[in-house]
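Quick one: the structure is below, questions incoming.
The values are calculated or read from the model by the stated rules, or taken from the named source; none is laboratory data. No experiment lies behind these values; they were computed from the predicted model shown. Glycine also receives a Cβ, built like all others from the backbone with ideal geometry; neighbour counts cover every protein chain displayed.
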Amino acid sequence: MDLAVDLSGITKRFGAFTANSGIDLAVRRGEIHAIIGENGAGKTTLMNILFGLLQPDEGTIAIGGKTMIVDSPAVAIGQGLGMVHQHFKLVPSLTVADNIFLGMEIRRNGLIDRAAQEERTRSLSEKFRLRVDPRERVAGLSVGMEQRIEILKVLARNARTIILDEPTAVLTPQESRDLFRTLRSFVDDGMTVIFISHHLEEVMAVSDTVTVLRDGRVVATKPKSALSKRELVRLMVGRDVSFDRRPRGQTNGKVALEVEDLWVRDDRQLAALKSVSLSVRAGEIVGIAGVAGNGQTELAEVLSGLRPASHGRARLHGQDILDLPPAAIRAGGLAHVPGDRMVRGVDRTASLSANMLIGRHRRAPFARAGVIDWSAVHGEMWTLIRRFDIRARGPEDPARSLSGGNIQKVVLAREFTAGGDVLLIDQPTRGVDIGAQEGIHDEIMRQRAEGRAILLISTQLDELKALADRILIMFDGRIMGAVDGAAMDEDAIGLMMAGVDPADMTEA
Amino acid sequence: MRTLLATGWARTLAGQLFAIAIALALGSVIILLIDESPVRVFVTLMRGAFGDSEKIAGTLLQTTPILICGIAACIGLRGGMFNVGIEGQLFLGGFAAAWVGFAFSLPPVLHVLAAMALAVVAGAAWVAIPAFFRVRFGTNEVVSTILANYIATLLTSYFTIFLFKRPGGWSETPPILESAYLPELFSFSRLNLGLLIGLALAIVTAAFFRWTSAGYAVTMVGSAPKFAEYGGIDVRRVGFGVLLVSGAVGGLAGGVETLGVHHRFMEGFAPGFGFDGLIAALLANGSPVGTIFTALFFGALRAGSLLLEVDTTASREIITVIQALIILAVSADLIMRRRGDRTGERRWKF
């Protein structure tokens, strides 16, 4: 068998912690090989070992059939390996071509030959169908474009095997699709792609072979065709995780949140919401489906008072909220789990207790006469840590010492216990491990059973399918249509997400 | 600035001591370049600052305005506002207090309170202009408050020279009435109640940030404004308030200096105290209690330098050089720490 990369028996320890334990990985030439596992399963460590950024404690590395010691990235690059890191390493003030040739500048008479670099960039860009403008500055380019430059950087160094670490984490769905098409064309040209991910859908969509890591060990290497999504989850998490629709009781609560003909502008002053109307009843989960960037963020912001509306009405328990500041809307009973949790949802530098306190820092039981009772705050935070199974040493840990999933649990814990009876939840499980997703879904269902009205915004259809009573589909700032959560027609939803009017579907 | 307040105090202390050590080492090199012995310079500085009780009182006298200005800076830093205009607020506060002191006749305690009150109002009013532009239009307060300094010093000069000049005197106002004097603490020094005001202010400020709802709100606005906004805190109002209080304390520093030390307003009466205070606050990592010690350090440098020209060949300006080196070292430390934060390598409990 023609192997591009062959790792055997790789073990890497950091102190008492074993990040990789006896890992075997054989990547055939000309395939897309996905390495999947939850956060902390050892994927990135393994790739850093292959690329020479870390040295294994045990095991051997063979590249292109030759066993060798890879003690620096230069060795790996020399063997035709290229790595596109999760966090891009570009210089914003330089042009695209300058970035691509950074460190290997084409020189003439001791000076950088910009024209030659631009020409080379242009030819690479044409050859691999990755369109870029060589003279454009990197500052201000989209994330998808930056990634394209990173890939070109790797190709300019003559890589034949390309490693991508969580490449879609920062991309929009469209950009992800473009990337997959590019990767497919690479392997068609005989190159090899190693693709690190914890996203099931994209692994199922793009890979030929899948290696699953769990707790630093390989639990399976199989061709994708031999795997189902359910099986893949079981391998990753180590137990069955249900994405089935959650059983639920009937509800017929009062309307708690009502939106009528709402228009909102985005930051560029373009219409982000166009005549949106919806209502949510107590004890009901209304889902908002749609590709990211179709007005969902603006909807959440305007309802929580963080963005002005240009026109329309929104009522919380019959009270108009569009002109109210965030504090008044909170006091009126709205809790908000924001989509960009690292910026809006937490102060990463502050303690968990300080993060839990926001919005409640003026009232009993946590404050009296303007003085905060920190022991009461810490006590409550301890309770939440236990109830929501937050992995932290204690209430005084800074938020940034927690993993993304645990930070999200802190946000959920705060918002679900803030006393609001209308919950506005934006992307509850984005970036959260699959195992932890289940717990978050349990908690959302518990909130429903307690009679809360829930507006659930998610880009993941599976999540809406499992949780929502009704699903509204957003496209370009409009609600395209609604479907019943129990009997949802995925094709219809998909078409509406792409902007097809349901009225046209019946005709067709 | 954001990471400034979010690190453990032990790490902070170690970092700042390291910064001071580096600055002193580099200062030594410069002292060697002028053919003087660093040891002699530092020993002279120490003797000048702490040699006897009069010298200690002199150090504390210099420490007082730096401490109060430092508290003003701490308040701003905590709320994410970089008030570089404390110098100007100090000048206006100093002039306002002097004016109440010489233009009105009031009973003793009341006279002091009235003069101090106007000093506080003057400082707050002076920063209100940059503060308004900051919260209304997003104008960078660093630039606007620096510029306001020039206007403040020249404006007070104008008042002093053209409107209230003491007949026959230098560029100074008439002396204030004795009823407006801050009481002195010892017979042998001009050291006065101002020091205790500064110490009390440091402790009150620390307690405010540690235990009050308003202090919590200010801290959140300073460290994560979008989070604070989301949590229902009025970010603009808090920002405006933070600058106003910071300016008020800057004005108070001027009042203390006028009523406690000079007993009149003189053109250029308190050079650099506002900036020294800002540096003291930065060196203390925005901690009011820490600022007590850093202000003492800078006060000792200032007081000690008086003896420097008498006993050594080094000029007094060497302490300015050392201060500048400390600023460089502290900035370098902040940059390193921020980089550590970005890559997530260092995590500090606080």
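Just name the residue that is surrounded by the fewest Cβ atoms within 10 Å (Cβ to Cβ) out of those in segment B:153-176 that are of a type in the set (Gly, Ala, Ser) and either in a loop (DSSP other than H, G, I, E, B) or modelled with pLDDT of 95 or more (or both).
The residue in question is B:GLY168.
So, one more: Identify all residues within segment A:64-92 that are hydrophobic (A, V, I, L, M, F, W, C) and in a strand (DSSP E or B); write none if there are none.
Residues satisfying the conditions are A:MET68, A:LEU81, A:MET83, A:VAL84.
May I pose another question? Search segment A:320-350 for residues being in a strand (DSSP E or B) and in contact with a strand residue (DSSP E or B) (Cβ under 6 Å, 6 or more places away or on another chain), and hand back the single one that is nearest to the other protein chains (Cβ to nearest Cβ).
Among those residues, the one meeting the criterion is A:HIS336.
So, A:VAL291, is that one under 30 Å from A:GLN174 (Cβ atoms) and modelled with pLDDT under 95 or not? Explain how you work it out, then say what you get.
Values: under 30 Å from A:GLN174 (Cβ atoms): yes; modelled with pLDDT under 95: yes.
The answer is yes for A:VAL291.
Could you tell me which numbered condition A:ARG268 fails, if it satisfies all but one of (1) of a type in the set (Lys, Arg); (2) in contact with a helix residue (DSSP H, G or I) (Cβ under 8 Å, 6 or more places away or on another chain); (3) free of Cβ contacts under 8 Å to residues at least 12 places away in the same chain?
(2)
Out of all the residues in segment A:28-46, which are assigned to a strand (DSSP E or B) and either closer than 20 Å to A:LEU179 by Cα or among the hydroxyl-bearing types (Ser, Thr, Tyr) (or both)?
A:ILE32, A:HIS33, A:ALA34, A:ILE35, A:ILE36
Any residue at all in segment A:61-71 that is under 24 Å from A:SER197 (Cα atoms) and free of Cβ contacts under 8 Å to residues at least 24 places away in the same chain?
So far as segment A:61-71 goes, yes, one or more of its residues are under 24 Å from A:SER197 (Cα atoms) and free of Cβ contacts under 8 Å to residues at least 24 places away in the same chain.
In addition: Within segment B:220-250, how many residues turn out to be polar (S, T, N, Q) and more than 11 Å from every other protein chain (Cβ to nearest Cβ)? Give the derivation first.
Taking segment B:220-250 first, the residues polar (S, T, N, Q) are B:223, B:246.
After this cut, where a residue has to be more than 11 Å from every other protein chain (Cβ to nearest Cβ) as well, the list is B:246.
Looking only at that region, the number is 1.
Let me ask another. Quick check on segment A:38-89: of everything there that is at pLDDT below 90 and over 20 Å from A:ALA26 (Cβ atoms), which residue is farthest from the chain's Cα centre (by Cα)?
Of everything passing the filter in segment A:38-89, A:LYS89 is farthest from the chain's Cα centre (by Cα).
If only one of B:ALA200, B:ALA217 is in a helix (DSSP H, G or I) and either surrounded by fewer than 18 Cβ atoms within 10 Å (Cβ to Cβ) or away from chain A (no Cβ under 14 Å) (or both), which one is it?
Values: B:ALA217 fails: either surrounded by fewer than 18 Cβ atoms within 10 Å (Cβ to Cβ) or away from chain A (no Cβ under 14 Å) (or both).
Answer to the check: B:ALA200.
Could you say which residue among A:VAL259, A:VAL291 is within 25 Å of B:GLY231 (Cβ to Cβ) and β-branched (Val, Ile, Thr)?
A:VAL259
May I pose another question? Is it true that some residue in segment A:271-280 is within 10 Å of chain B (Cβ to nearest Cβ), outside any helix (DSSP H, G or I) and hydroxyl-bearing (Ser, Thr, Tyr)?
No, every residue in segment A:271-280 fails to be within 10 Å of chain B (Cβ to nearest Cβ), outside any helix (DSSP H, G or I) and hydroxyl-bearing (Ser, Thr, Tyr).
Of the conditions (1) out of contact with any Phe, Trp or Tyr (no Cβ under 7 Å at 6 or more places or on another chain); (2) at pLDDT below 95; (3) not in a loop (DSSP other than H, G, I, E, B), B:ALA125 fails just one. Which one is it?
All conditions pass for B:ALA125, except number (2).
With the structure loaded, tell me whether B:LEU252 is at pLDDT 95 or above, surrounded by fewer than 24 Cβ atoms within 10 Å (Cβ to Cβ) and among the aliphatic types (A, V, I, L, M) or whether it fails that test.
When the stated conditions are applied, B:LEU252 does not pass them.
Of the numbered conditions (1) closer than 21 Å to B:PRO288 by Cβ; (2) basic (Lys, Arg); (3) more than 11 Å from every other protein chain (Cβ to nearest Cβ), B:ARG264 satisfies every one except a single condition; which is it?
(1)
For segment A:235-259, which positions are touching a strand residue (DSSP E or B) at 6+ places or on another chain (Cβ under 8 Å) and among the charged types (D, E, K, R)?
Matches in segment A:235-259: A:LYS254, A:GLU258.
Filter segment A:237-273 for residues that are modelled with pLDDT under 90 and surrounded by 12 or more Cβ atoms within 10 Å (Cβ to Cβ) and give the result.
Scanning segment A:237-273 gives A:VAL237, A:GLY238, A:VAL241, A:PHE243, A:ARG245, A:ARG246, A:ARG248, A:THR251, A:GLY253, A:ASP266.
Within segment A:433-451, can you find the residues that are under 19 Å from the mean Cα position of the chain (by Cα) and either under 19 Å from A:ILE288 (Cα atoms) or not β-branched (Val, Ile, Thr) (or both)? Talk me through it step by step, then tell me what you get.
Going through segment A:433-451, the residues under 19 Å from the mean Cα position of the chain (by Cα) turn out to be A:433-441.
Those that are under 19 Å from the mean Cα position of the chain (by Cα) and either under 19 Å from A:ILE288 (Cα atoms) or not β-branched (Val, Ile, Thr) (or both): A:ASP433, A:GLY435, A:ALA436, A:GLN437, A:GLU438, A:GLY439, A:ILE440, A:HIS441.
Then there is this: Out of all the residues in segment B:278-289, is one or more outside any helix (DSSP H, G or I), farther than 20 Å from B:LEU185 by Cβ and of a type in the set (S, T, N, Q)? Full working, then the answer.
Taking segment B:278-289 and keeping what is outside any helix (DSSP H, G or I), we get B:284-287.
Now drop any that are not farther than 20 Å from B:LEU185 by Cβ, which leaves B:284-287.
This time we only want the ones that are of a type in the set (S, T, N, Q), so: B:285, B:287.
Yes - at least one qualifying residue is present in segment B:278-289.
Mind listing whichever residues of segment B:177-196 are among the hydrophobic types (A, V, I, L, M, F, W, C) and either surrounded by fewer than 20 Cβ atoms within 10 Å (Cβ to Cβ) or touching a strand residue (DSSP E or B) at 6+ places or on another chain (Cβ under 8 Å) (or both)?
Listed by number, the residues that qualify are B:LEU177, B:LEU182, B:LEU185, B:PHE186, B:PHE188, B:LEU191, B:LEU193, B:LEU196.
Residues checked against (1) in a helix (DSSP H, G or I); (2) free of Cβ contacts under 8 Å to residues at least 60 places away in the same chain; (3) more than 25 Å from the chain's Cα centre (by Cα); (4) buried (at least 16 other Cβ atoms within 10 Å of the Cβ):
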position: A:SER375; (1), (2), (3), (4): yes, yes, yes, no
position: A:HIS378; (1), (2), (3), (4): yes, yes, yes, yes
position: A:MET381; (1), (2), (3), (4): yes, yes, yes, yes
position: A:ALA392; (1), (2), (3), (4): no, yes, no, yes
position: A:ARG400; (1), (2), (3), (4): yes, yes, no, yes
position: A:LYS409; (1), (2), (3), (4): yes, yes, no, yes
position: A:ARG414; (1), (2), (3), (4): yes, yes, no, yes
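Let me ask you something else. Counting only residues that are surrounded by fewer than 15 Cβ atoms within 10 Å (Cβ to Cβ) and of a type in the set (Asp, Glu), which one in segment A:1-37 is farthest from the chain's Cα centre (by Cα)?
Per the criteria, the residue is A:ASP2.
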